[in-house]
Amino acid sequence: MALVVRGVMGMGLVLGVGALPVAAQSMALPAADPAGIARGGTQVAYGYSLEAAATNPALLASLKEKGGIYIAAGLESSSFQQSLEADQVSRFSFDRNRSIGGFGMATRLSSTLTLGLKADNPYLRHGKFEDTAPSRYYGDGLDLSARRMEFQAAWAFNPNFSVGIGVGAARLSFESTHVVRLNLPDDPTLPASSTNAVDGLVEQRVGQSGNKVVPSYSLGARWALNPRWTLGFAHQSGLKGDLDMKAGFRDANLGLYGNNGFRPAPVGAEARAAILLARAQVLPGHGTLELPSQTTLGVRHRFMPILTWEADLRWTSASLQMPSFSTVQTPSGLTSAPAELPRGKSHLGVSASAELELGKFWTLRGGISLDQRSVDESRTEPLLGGSNSATFSFGAGYKMWGGELSIGYQYRQSEDQDTHRLTGDWGASGFVATPINRVRMEGMGHLVALGFKKMF
C-alpha cells in the first residue's frame, strides 16, 4: 500500500505542473494512440512499449514478446477565437472536429532484428471563421492534415543498445480560404480607367485546395544504462511537397459596398458584380507546403517497480511554410490578399510523463508538455497560431481479452495573444491596415483516443 501511495504522489507531481501558467496548441499531435496521447508524446526512451515505437523505431528491439499489434481511433477537436477591442465581440471558429487513427505492429525475426509498421497523424490544424471576422482578409479558413505510414526496423547490438529506422510516406492535404474585395467599374467587362470609373466593390471569398504524397523517414536509438535508467533519441523527418492546387470562388458574394468600403452600394452594383464574377478567374497560389522535422532526446527512470517516469527535450526545425493564398484575375487586374501566412521558426520544447501500474490489470498514465513560440510574434495570426504551447494529458489501460484496452485524453490550452495587424479598411484604392485596432486571439483543443493492444 505504501508503494501505491508513493506512486500516486509521484504521478501527482508530474500532473500538478498543470497549475503553472499555460501558454497555444500546436499543429503537431503527440500521438494517435491512447497510450501515446496519455503520455503527451513523452516516450522516446520508453522501452517495452509497442506504442512508443511509433515515436522511436529503436524501441521495437526492447519488446519482451515476439510480436504485437495495436489499433486506435479517436477525435481531435479545436477552437480559436478573436475579439476586436473596438466592439467587444468575440468571434469563434467552427469546423472544429477531425477523426484520427493509429495502427502499429511488430514481429521479431531474430534476436537482433525486429520489424514493424506504424500509421499515425503527425500534423493537424483546421478551423473557419464567420464572414465578419476582423482577420478575414488575412485568411478565414484553414484545413491542414498529414497522414503517415512507415515500415520500421530495429537492430539490437546487445540487450542494452539498439538503433532503428522507419521509411515510408505521408499524404499532405491542404485547403485555405480568404476574403477579397474586387473593384466594380461602370463596365465590368473592361479594365477600370478614367473613362470606366470604379463605382462600388464586391466582397468575395476565394479558396484553394490540394494534396500530395511525400516521402517520410524516422531514426532512433535506445541505450539502457542499467535496469533503471534509459536514454532515447529520435528524429522525425520534415514533410515537404509541391501540391497540385485547385482554386475557385467559395459561396456567393459576401456583400456589396461603395467606393469608400462602406454600405450602401451604388444602384446597379448587384448586376455588375454578377458579370464581373462570371468573367473573373481564381488562380492558385504557390503550392509548396512544408512541415517541420522534430528531434528528441529523452531519459526514462524506473523509480520503483510500479512507477516509471520520463522527461524529453524536443527541438523543432524552422521548416514551416504554407502555400501562398490564391489570387483573383479580373479585367482590371490582379487582386491578392494583403499578407501571406507566416513562416515558422525553430524552437525547443520540454515534456514529462509518468506511468503507474496498479495491480495486474490497471495502468494509469499522465503527461505535460511546454513548447516555445513557433511563429515570430510580429507575424502572429489566428489560423496558424504559433505562440508558446502547453498540453496536459492523462489516461488509463485495463488488461482484458488477452490484451490491453486503453483510453487517452489531452487538453491543449492556448495563450491569449494581442495583435494590431489583423484589421484594415478595403476601399476602391485598395487595402489599408488600421494598426490602432487591437485584436485578442485565444484558443483551446482536445485530443482523445481509444485503442486495443495485443502482444503475442
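Numbers below:
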{"item": "Protein-only accessible surface order, largest first, of 223, 426 at 1.4 Å", "result": "223, 426"}
{"item": "Most to least accessible of 118, 399 (protein chains only, probe 1.4 Å)", "result": "399, 118"}
{"item": "Per-residue SASA entry for residue 173, accessible area with 1.4 Å probe, Å² rounded to 10", "result": "30 Å²"}
{"item": "Sparse-neighbourhood loop sites, GluC sites (Glu not before Pro) in the range 403-456 - DSSP loop, at most 13 other Cβ within 10 angstrom", "result": "none"}
{"item": "Ellipticity estimate at 222 nm from DSSP helix runs (n ≥ 4, -39,500 (n - 2.57)) divided over the chain, nearest 500", "result": "-2000 deg cm²/dmol"}
{"item": "Heavy atoms of residue 370: accessible area, 1.4 Å probe, square angstrom to 10", "result": "70 Å²"}
{"item": "Of all accessible heavy-atom area on the range 297-338, the percent that carbon and sulfur account for (1.4 Å)", "result": "64 percent"}
{"item": "Residue 143 accessible area, assembled protein chains, probe 1.4 Å, Å²", "result": "40 Å²"}
{"item": "Accessible surface, the chain, averaged per residue in Å² (probe 1.4 Å)", "result": "42 Å²"}
{"item": "Percent accessible area from carbon and sulfur atoms, the range 174-263, protein chains only, probe 1.4 Å", "result": "55 percent"}
{"item": "Whole-Å semi-axes of the ellipsoid equivalent to the chain (Cα gyration tensor, √5λ, descending)", "result": "50, 22, 16"}
{"item": "Taking the range 303-353 and dividing mean pair separation by its residue count, relative contact order in percent (alpha carbons under 8 Å, at least six apart)", "result": "51 percent"}
{"item": "For residue 100, residues with placed amide H under 5 Å, excluding near neighbours", "result": "74, 75, 76"}
{"item": "From phi via Karplus (6.51, -1.76, 1.60), per-residue ³J(HN,Hα) for the range 196-209 in Hz, x at Gly/Pro", "result": "10, 5, 6, 9, x, 9, 10, 9, 9, 8, 10, x, 8, 8"}
{"item": "Where 286, 126, 235 fall by accessible area, highest first, once all protein chains stay in place (1.4 Å)", "result": "286, 235, 126"}
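The values are calculated or read from the model by the stated rules, or taken from the named source; none is laboratory data. Treat the numbers as computed from the prediction; the structure is a model and nothing was measured. Cβ coordinates were reconstructed from backbone atoms using ideal geometry, including for glycine residues, and neighbour counts include every protein chain displayed. SASA here: full protein model, heavy atoms, side chains in, ligands and nucleic acids out. Shrake-Rupley method; radii C 1.70, N 1.55, O 1.52, S 1.80 Å.
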